[in-house]
Amino acid sequence: MKSVRGLRGDAAIVGVADWKPERKPTGPRQFMLEQWAELARLALQDAGIEAGEVDGLVTPRIGETSNFVPATVAEYCGFEVNLAEMVDLGGANSVGMVWRAAAAIELGLCEVVVCAIPARPTPSDPRDGAFLDEGWIFGASSNRYGSPQAEFDIPYGNLAQNAGYSMIAQRYAAVHGYDERAMAKLAVDQRTNACAHPDAIFHGKPITVDDVLASKMIADPLHMLEIVMPVAGGHALVVASAARAKRTKHRPIQVAGCGERLTIKTPTYARDLLETPVGPAADRAFEMAGATRSDIDVACIYDCYTITALLTLEDAGFCKKGQGLDFVRDHDLTFAGDFPVNTHGGQLSYGQAGGAGGMSQINEAVHQLRHNAGARQVANCETAFVSGTGGVMSEQSALILRGA
Amino acid sequence: MTDGMAKPLPHATDTSRPFWEGLREGEVRIQRCLDCAGWVFYPRSNCPGCLSNALEWQTVSGRGVLHTFTISRIPTVAMFADEVPQRLAVVELSEGVRVTTTLVDVAEEDIKVGMPLEPVFESTEGGEGVLLRYRPAATP
């Protein structure tokens with residue numbers, strides 16, 4: 001029974017594309033526009049939908065232009081669209097893209113929406129040798145004049161992601177206590193999952209809790225193996241109306257519920273560093289879907305760091321606040337376990353292809369719900385939870401997906 | 001890519017200038033909302049509590065407690081390599097607002113969440129000429 005307004009479940013993910021993550025890219029450098037087009041082709045092929053049927057697109061920022069981004073993508077790909085959207089929610093982009101596509105479809109604006117996030121290296125500019133991604137030397141912070149980050153955070157060296165997440169973890173330890181072995185187990189269980197996924201960057205490389213704790217301390221209390229491995233790659237997906245979804249190649253995956261929330265850019269200014277925005281986002285998604293936490297067969301939880309996954313397990317309601325480490329200790333989070341989390345290895349062990357990392361989590365939920373996840377398939381998988389996290393616990397979003 | 005780039009320093013805006021002037025004079029000045037009485041940091045044109053544009057500057061003690069910290073063993077960006085291990089901190093002022101800073105004059109093992117802190121006005125070459133760092137309070 002639905003008690004909130006929202007998605008009716010009349011849109012479904014019908015196609016996905018996953019470029020195998022690579023530490024050292026093997027192919028030629030391509031522009032993001034070129035990557036966008038190729039990812040779209042692959043996702044549409046997976047769905048069995050012709051390019052001419054596309055009537056909506058959702059894109060992140062791309063390197064080639066800072067404005068009129070959707071128009072540039074549409075023109076390049078030859079799409080004539082009724083929904084032209086760009087999202088700027090960092091790691092929460094993927095979930096944000098899916099619900100925006102689903103909402104537009106339910107409004108009747110469009111039937112077939114492509115969402116793609118390219119993240120392979122791009123060519124350098126022959127005029128000055130510059131690469132498209134050089135605007136990122138300050139991480140997710142802006143050093144432009146007038147930016148609060150430029151004036152009050154960056155001068156102290158507080159920028160990029162490691163420091164912010166480590167400070168959240170340190171606060172967690174002070175308030176709720178800390179068990180570094182349980183935190184490490186989050187990474188270990190995901191590595192076990194990666195070892196069942198041939199495309200994962202750490203396939204064939206199992207680790208132990210002691211390995212995690214023996215890895216280099218990057219920013220106390222987080223170790224190297226609790227932090228994502230950046231890789232090259234990219235992901236795309238196609239969202240279609242329920243009517244169009246009936247004539248596709250695979251089991252359609254219904255977008256049943258969604259939520260999104262953000263309150264700050266820099267955690268310093270959060271009302272409470274440990275009450276993360278995924279709480280209200282997940283509550284809304286579950287309520288919209290008419291689902292409960294116990295309905296979830298697989299949880300694809302954004303995991304740029306172990307602390308991100310821990311706080312999401314708590315705030316999304318899978319365990320009580322402050323009891324996340326007990327939960328991790330008491331449950332087997334592998335694909336074969338009693339609470340499967342990030343069955344593709346998570347971004348920690350599958351690899352984080354830049355801004356596309358979060359889409360690996362949606363697409364993994366799709367593979368699980370289609371029952372084509374191979375050796376890592378979760379039995380009787382019908383309902384999935386997916387979260388997205390941008391910046392430093394800033395933008396957060398949630399999806400409930402169901403096999404239709 | 002960042003080799004040779006100068007370490008980024010703050011540059012005041014018309015809105016924030018009294019804060020930096022205060023630091024140069026050895027005082028911490030922050031804004032308070034005349035409508036909802038909320039304290040405001042960082043400096044803004046409008047109160048983030050109620051959007052009022054009636055904000056006044058007040059001089060405060062600048063003292064606070066350590067809300068959280070990390071010790072970064074690798075530079076957060078190459079330009080900060082000379083500060084490694086970086087003692088990054090968030091301090092909650094007595095007024096309840098929080099500031100991003102770094103800790104000085106303290107041994108690593110003595111850093112504890114909740115410890116009382118006092119401001120250190122550190123001169124810089126360039127930028128606004130001063131940064132607001134923190135050290136353990138001489139008297140609790």
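Taking first residues from the stretch A:210-226 that are facing chain B (nearest Cβ under 7 Å) and of a type in the set (A, V, I, L, M, F, W, C) and partners that are surrounded by fewer than 18 Cβ atoms within 10 Å (Cβ to Cβ) and assigned to a helix (DSSP H, G or I), the Cβ contacts under 7 Å between residues at least 6 apart in sequence or on separate chains come to A:218/A:224.
Filtering the stretch B:1-50 down to residues that are in a loop (DSSP other than H, G, I, E, B), aliphatic (A, V, I, L, M) and within 13 Å of another protein chain (Cβ to nearest Cβ), which residue is surrounded by the fewest Cβ atoms within 10 Å (Cβ to Cβ)?
Here the residue is B:6.
Of all residues in the stretch A:217-233, those being part of a strand (DSSP E or B), under 20 Å from the mean Cα position of the chain (by Cα) and modelled with pLDDT of 95 or more number 3.
For residue A:357, are the conditions met, namely being closer than 22 Å to residue A:209 by Cβ, assigned by TED's automatic domain parsing to the domain that holds residue A:226 and buried (at least 24 other Cβ atoms within 10 Å of the Cβ)? Spelling it out, it is not the case that residue A:357 is closer than 22 Å to residue A:209 by Cβ, assigned by TED's automatic domain parsing to the domain that holds residue A:226 and buried (at least 24 other Cβ atoms within 10 Å of the Cβ). Check the stretch A:304-312 and report whether any residue there is out of contact with any Leu (no Cβ under 9 Å at 6 or more places or on another chain) and either among the β-branched types (Val, Ile, Thr) or more than 30 Å from residue A:138 (Cα to Cα) (or both). Looking through the stretch A:304-312, at least one residue is out of contact with any Leu (no Cβ under 9 Å at 6 or more places or on another chain) and either among the β-branched types (Val, Ile, Thr) or more than 30 Å from residue A:138 (Cα to Cα) (or both).
Being within 14 Å of chain B (Cβ to nearest Cβ), free of Cβ contacts under 8 Å to residues at least 60 places away in the same chain, part of a helix (DSSP H, G or I) and at negative phi is the requirement here; does residue A:174 meet it? Yes. Taking the criterion of being surrounded by 24 or more Cβ atoms within 10 Å (Cβ to Cβ) and of a type in the set (A, V, I, L, M), the residues of the stretch A:161-183 that qualify are A:163, A:167, A:168, A:169, A:183. Note on the stretch A:1-38: residues that are out of contact with any Pro (no Cβ under 7 Å at 6 or more places or on another chain) and assigned to a loop (DSSP other than H, G, I, E, B) total 16.
Identify all residues within the stretch A:140-151 that are at pLDDT below 95 and either more than 7 Å from chain B (Cβ to nearest Cβ) or crowded, with 22+ Cβ neighbours inside 10 Å (or both); write none if there are none.
Correct list: A:140, A:141, A:142, A:144.
Put simply, of A:117, A:137, A:154 the only residue that is touching a Pro at 6+ places or on another chain (Cβ under 6 Å) and within 9 Å of another protein chain (Cβ to nearest Cβ) is A:154.
Return the total of residues in the stretch B:51-84 being over 15 Å from the mean Cα position of the chain (by Cα) and either within 7 Å of chain A (Cβ to nearest Cβ) or closer than 27 Å to residue A:174 by Cα (or both). So the count comes out to 11. Among what's in the stretch A:303-336 and is outside any helix (DSSP H, G or I) and hydrophobic (A, V, I, L, M, F, W, C), pick the residue that is surrounded by the fewest Cβ atoms within 10 Å (Cβ to Cβ). Within the stretch A:303-336, the match that is surrounded by the fewest Cβ atoms within 10 Å (Cβ to Cβ) is A:336.
Within the stretch A:177-211, the set of residues being charged (D, E, K, R), part of a helix (DSSP H, G or I) and under 18 Å from the mean Cα position of the chain (by Cα) comprises just one member, A:191. Evaluated against (1) in contact with a His (Cβ under 6 Å, 6 or more places away or on another chain); (2) part of a loop (DSSP other than H, G, I, E, B), residue A:392 falls short on exactly one condition, (1).
Scanning the stretch B:85-102 for residues that are without any contact (Cβ under 8 Å) to a residue 60 or more places away in the chain and more than 10 Å from every other protein chain (Cβ to nearest Cβ) gives B:94, B:96.
Would you mind stating whether residue A:276 is in a loop (DSSP other than H, G, I, E, B), in contact with a Leu (Cβ under 9 Å, 6 or more places away or on another chain) and more than 14 Å from chain B (Cβ to nearest Cβ)? Here the answer is yes, as residue A:276 does meet what is asked.
Answer with yes or no whether residue A:213 is of a type in the set (A, V, I, L, M) and not assigned by TED's automatic domain parsing to the domain that holds residue A:377. The answer is no for residue A:213. Residue A:118 fulfils the conditions (1) crowded, with 24+ Cβ neighbours inside 10 Å; (2) farther than 22 Å from residue A:160 by Cα except for a single criterion, (2).
Residues being part of a loop (DSSP other than H, G, I, E, B) and among the aliphatic types (A, V, I, L, M) are entirely absent from the stretch A:39-48.
Inside the stretch B:117-140, residues that are in contact (Cβ under 8 Å) with a residue 40 or more places away in the chain and more than 15 Å from the chain's Cα centre (by Cα) make up a count of 2.
The one condition from (1) in contact with an Asp or Glu (Cβ under 9 Å, 6 or more places away or on another chain); (2) in the same structural domain as residue B:24 (by TED's automatic domain parsing) that residue B:56 does not meet is (1).
The values are calculated or read from the model by the stated rules, or taken from the named source; none is laboratory data. Please read these numbers as outputs of a predicted model, since none were measured by experiment. Note that we place each Cβ from the backbone using ideal geometry, even for glycine, and neighbour counts take in every protein chain shown.
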